[in-house]
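K.L.:
Structure incoming, see below.
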Amino acid sequence: MLLGDSGVGKTCFLIQFKDGAFLSGTFIATVGIDFRNKVVTVDGVRVKLQIWDTAGQERFRSVTHAYYRDAQALLLLYDITNKSSFDNIRAWLTEIHEYAQRDVVIMLLGNKADVSSGRVIRSEDGETLAREYGVPFMETSAKTGMNVELAFLAIAKGAETQSRAAGR
Ligand SMILES: Nc1nc2c(ncn2[C@@H]2O[C@H](COP(=O)(O)OP(=O)(O)OP(=O)(O)O)[C@@H](O)[C@H]2O)c(=O)[nH]1
């Protein structure tokens, strides 16, 4: 499941992974929730990922909260050019701890890493925050595709290991 403030690039991130394309231009905010499937190979095993793209806007929160419980893995995104999206990560993690399964696999992603002039969050800041919460971290770009597949494969692998450990 993809989480994070509105406009951080969750839908673009998913489209880049699924179709290898970038939606530039007009920003169409997600309404409620949407999902797409993609089959990937993790350690030689074919795995169907069902990826849920959530609306970042506050007014859809009650809809999206209902889906947290069934998620095995969460990609939590902020935008490296938007300070409030980074500052809100703590609040997102609080919501995750409230609504998601206790053993859910989480990864923090600093998206829009292709933008160099507009950067306001340093890579080290992302790393420090991720370390504080004990979650893996990467910078990504839904525009260039940088680390998009890597992030999905890493979290799929993490979720697979977790579910095996839990005997599911
Ligand atoms: N330069 C750059 N722009 C991006 C990137 N990812 C997304 N964008 C732009 O950011 C805007 C928002 O992207 P979306 O993917 O729609 O954002 P979202 O997080 O799904 O937003 P909500 O659906 O409202 O939660 C769009 O105008 C995208 O073109 C990126 O990696 N780099």
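Where a number appears in this text, it was derived from the coordinates with a stated rule and is not lab data. The structure displayed is predicted, hence computed values, not measured ones. Note that each Cβ is placed from the backbone with ideal geometry, even for glycine, and that neighbours are counted across all protein chains shown.
K.L.:
Could you run the Karplus curve 6.51 cos²θ - 1.76 cosθ + 1.60 with θ = phi - 60° over segment 93-109 and give me ³J(HN,Hα) per residue in whole Hz, x for Gly and Pro?
P.N.:
Running phi through 6.51 cos²θ - 1.76 cosθ + 1.60 with θ = phi - 60° gives 5, 5, 5, 4, 5, 7, 10, 8, 5, 5, 9, 4, 8, 10, 9, 9, 10 Hz.
K.L.:
Residue-wise, which Karplus ³J(HN,Hα) couplings in Hz belong to segment 155-161, taking 6.51 cos²θ - 1.76 cosθ + 1.60, θ = phi - 60°, and x for glycine or proline?
P.N.:
Ordered by residue, 3J(HN,Hα) equals 6, 5, 5, x, 5, 5, 4 Hz.
K.L.:
Tell me, what is the FRET efficiency for ASP87 and GLN162 to the nearest 0.05, using R0 = 30 angstrom and their Cβ-Cβ distance as r?
P.N.:
The formula returns an efficiency of 0.60 here.
K.L.:
What does DSSP give for the chain in terms of the percent of beta bridges that are antiparallel, rounded to the nearest 5?
P.N.:
45 percent
K.L.:
Given a Förster radius of 41 Å and the C-beta distance between VAL115 and ARG46 as r, what FRET efficiency does 1/(1 + (r/R0)^6) yield to the nearest 0.05?
P.N.:
Computed FRET efficiency for VAL115 and ARG46 comes out at 0.70.
K.L.:
To the nearest 500 deg cm²/dmol, what mean residue ellipticity at 222 nm is calculated for the chain from DSSP H runs of n ≥ 4 alone, each contributing -39,500 (n - 2.57), summed and divided by the residues?
P.N.:
-11000 deg cm²/dmol
K.L.:
Under a point spin-label approximation (7 Å from Cα along Cα-to-Cβ), what is the VAL39-ARG131 distance to one decimal in nm?
P.N.:
4.2 nm
K.L.:
Also: Using Cβ contacts closer than 10 Å as the measure, can you line up LYS157, LYS143 from fewest to most?
P.N.:
Fewest to most other Cβ atoms nearby, the residues stand as LYS157, LYS143.
K.L.:
Per q in 0.23, 0.30, 0.31 Å⁻¹, report the Debye log10 I(q)/I(0) for segment 104-161, using one uniform scatterer on each alpha carbon and no solvent.
P.N.:
Ignoring solvent entirely, the Cα scatterers give -0.94, -1.22, -1.24.
K.L.:
Now a separate question. Which one of ALA156, ALA100, ALA91 has the biggest mean-square fluctuation once the chain is modelled by GNM with Cα springs under 10 Å?
P.N.:
Its mean-square fluctuation being the largest, the pick is ALA91.
K.L.:
Which of the chymotrypsin sites (Phe, Trp or Tyr not before Pro) found in segment 81-168 are in a DSSP loop and have at most 10 neighbouring Cβ atoms, other than their own, within 10 Å?
P.N.:
none
K.L.:
Right, next: On a C-alpha basis, how far is the centre of segment 67-107 from the centre of segment 8-24 in Å? Whole number, if you could?
P.N.:
Spelled out, the Cα-based centre of one part sits 19 Å from the other.
K.L.:
Follow-up. Tell me, what HN-Hα J-couplings in whole Hz come from the Karplus equation 6.51 cos²θ - 1.76 cosθ + 1.60 at θ = phi - 60° for each residue of segment 61-77, using x for Gly and Pro?
P.N.:
Karplus values, whole Hz, x for Gly and Pro: 4, 5, 6, 6, 3, 5, 9, 4, 4, 8, 7, 8, 8, 10, 9, 9, 10.
K.L.:
Shifting gears a bit: Once you order the gyration tensor axes a ≥ b ≥ c over the Cα atoms, which shape class does the chain get: rounded for a/c under 1.5, otherwise prolate or oblate by comparing a/b with b/c?
P.N.:
rounded
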